[in-house]
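**Student:** Questions regarding the structure given below will be posed in turn.
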Amino acid sequence: MNPANEFLTRQTRRAFLGKSTMGLGSVALGTLLNAGGKDLTGAGLSPGLPHFAPRAKRVIYLFQSGGPSQMDLYDYKPHLAAKFGEEVPESIYPAERKTTMTSGQKSFPLAPSTFKFARHGKSGTLLSDAMPHLAGMIDEVCVIKSMYTEAINHDPGAMLFQTGSVIPGRPSMGSWVSYGLGSENADLPAFVALTSNGTGKGGQPLYDRLWGSGFLPGRFQGVKFRGQGNPILDLYNPAGVSRAQRRRMLDAVGKINGAQAGRFNDPAIATRIAQYELAFRMQMSVPDLIDFSNEPRSVLDLYGPEATKVGKYAYNCLLARRLAERGVRFIQLYHRGWDAHGNAPKQVAAQCRDTDQPTAALLRDLKQRGMLDDTLVIWGGEFGRTVYCQGKLTKQSYGRDHHPNCFTYWMAGGGVRGGMSYGKTDDYSVNVVENPVHVHDLQATILNQLGIAHERLTYRYQGRYFRLTDVHGRVVHDLLA
């Protein structure tokens, strides 16, 4: 190819910005200076988005870390009661799909659920009695019983759902959304992560990479709100420092950073400039955000007794609604404690006591404010649980190991068809037999509701174009209204 033509061919908008004298650092700095340090909203770095009219403006993802048991919550198998204690046929559950935590067991007895199931709502959706509050909102919910994944351990399983890859280092879904669509509120991050611990055991570790930006520019990573004390460190100025003094200091530092950005063309400097400015604005916006004193008692009661306890799941659900109504685009909740290897009935019941009322309250609160139609709410963990017992089996107690072949997720609002169940598992809740939904299919569908074609939201890194859904994934149109 002619060298001149090859050069012109490669001059995409992103390549031009990256190779220009000032690069992205000058763009970020120019945005700050032109707006007086007040506006970083609008489109992200990916041009032409949204690709089509979105059904959802924002996402609230309620990630249940540890792997909720589909058999004890959503996937009702009443005929298994008569098979209590029988060996699971190896033709149904082969040895190679068992983890090292149970592969050494001499016996793999069937453990039917001890929870009672009933139909709820006009849809007649089957639910466990562990979730009485969700039952009251079930007609808003699309239950996906046919999720599956390749990951069989917690960390790669969570990574796959959050970043589209089991290998650390990829951008999280919230970062992709922030990168593609930008922010709706200059005074708050586009992407916020919240964590809570369930009753009892601490649960699996939650690493920062789950809400990290990977190889995307750092300003697109999620901002974690802490679960104790002030949600953001250094939120308030120290004694003797006024807001005017803070502004002058940031202006001086901004000029130095701007000069360095022009000299070195380092995207990290542009990120630092942007984050300093966002932090300054958050000193004004966050105190009002976390002040629940203006919430009516009826709303606090809706979320339950832990609605005002910082770091609790109920508190985070209410905070998620307040973030959503202030224009935060992607809100990620992580709730730890679903890792029920032993005494699953007790552990599942405990997690449902923590999460059922606040989850249903979030749906009801969004709906009564007219926000559910354009807010996509997602619930689920990294995989499901086995039909066979891990450890000792009794009529009242059983453990369940990791199970990636089939498990349950649900979505509500944001253009999703409420009041339906999608997909089907076999008689043992071991494999999907109807309408399988892969992790990448779910991600493609989430992006679709935000007006993003998942195959077109890409970023060039190390010689190839990456996307959230890797090299496959499809939008599951059957789930959409």
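**Student:** Residue under question is GLY48, and the condition is that it be at pLDDT 50 or above, buried (at least 21 other Cβ atoms within 10 Å of the Cβ) and not in a helix (DSSP H, G or I); does it hold?
**Tutor:** no
**Student:** Got a number for residues in the range 297-311 being touching a residue at least 40 places away in the same chain (Cβ under 8 Å) and out of contact with any helix residue (DSSP H, G or I) (no Cβ under 6 Å at 6 or more places or on another chain)?
**Tutor:** Count: 3.
**Student:** Right, another one. So TYR465 fits all but one of (1) in a loop (DSSP other than H, G, I, E, B); (2) out of contact with any helix residue (DSSP H, G or I) (no Cβ under 7 Å at 6 or more places or on another chain); (3) among the hydroxyl-bearing types (Ser, Thr, Tyr); what number is the exception?
**Tutor:** Of everything listed in (1) in a loop (DSSP other than H, G, I, E, B); (2) out of contact with any helix residue (DSSP H, G or I) (no Cβ under 7 Å at 6 or more places or on another chain); (3) among the hydroxyl-bearing types (Ser, Thr, Tyr), TYR465 misses just condition (1).
**Student:** Please verify whether THR308 is β-branched (Val, Ile, Thr), within 27 Å of GLY229 (Cα to Cα) and more than 21 Å from the chain's Cα centre (by Cα), treating the condition exactly as stated.
**Tutor:** Taking the combined requirement at face value, the residue satisfies it.
**Student:** Looking at LEU318, LEU278 in this structure, which one is surrounded by 15 or more Cβ atoms within 10 Å (Cβ to Cβ) and modelled with pLDDT of 85 or more?
**Tutor:** LEU318
Residue-by-condition table, conditions (1) among the basic types (Lys, Arg); (2) assigned by TED's automatic domain parsing to the domain that holds SER178:
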site	(1), (2)
GLY214	no, yes
ARG219	yes, yes
LYS224	yes, yes
MET249	no, no
ALA252	no, no
ARG263	yes, no
PRO267	no, no
GLU306	no, yes
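Listed here are the residues, each with its yes/no results for (1) part of a loop (DSSP other than H, G, I, E, B); (2) surrounded by 18 or more Cβ atoms within 10 Å (Cβ to Cβ); (3) assigned by TED's automatic domain parsing to the domain that holds SER91.
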position: THR394; (1), (2), (3): yes, no, yes
position: THR408; (1), (2), (3): no, yes, yes
position: MET411; (1), (2), (3): no, yes, yes
position: GLY414; (1), (2), (3): yes, yes, yes
position: TYR428; (1), (2), (3): yes, yes, yes
position: HIS440; (1), (2), (3): no, yes, yes
position: LEU447; (1), (2), (3): no, yes, yes
position: ILE452; (1), (2), (3): yes, yes, yes
position: ASP470; (1), (2), (3): yes, no, yes
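**Student:** Given the conditions (1) of a type outside the set (Val, Ile, Thr); (2) in contact (Cβ under 8 Å) with a residue 40 or more places away in the chain; (3) in a loop (DSSP other than H, G, I, E, B), which single one is not true for ASN230?
**Tutor:** It fails just one condition, (2).
The values are calculated or read from the model by the stated rules, or taken from the named source; none is laboratory data. None of these values were measured; they are calculated from a predicted model. Note that we place each Cβ from the backbone using ideal geometry, even for glycine, and neighbour counts take in every protein chain shown.
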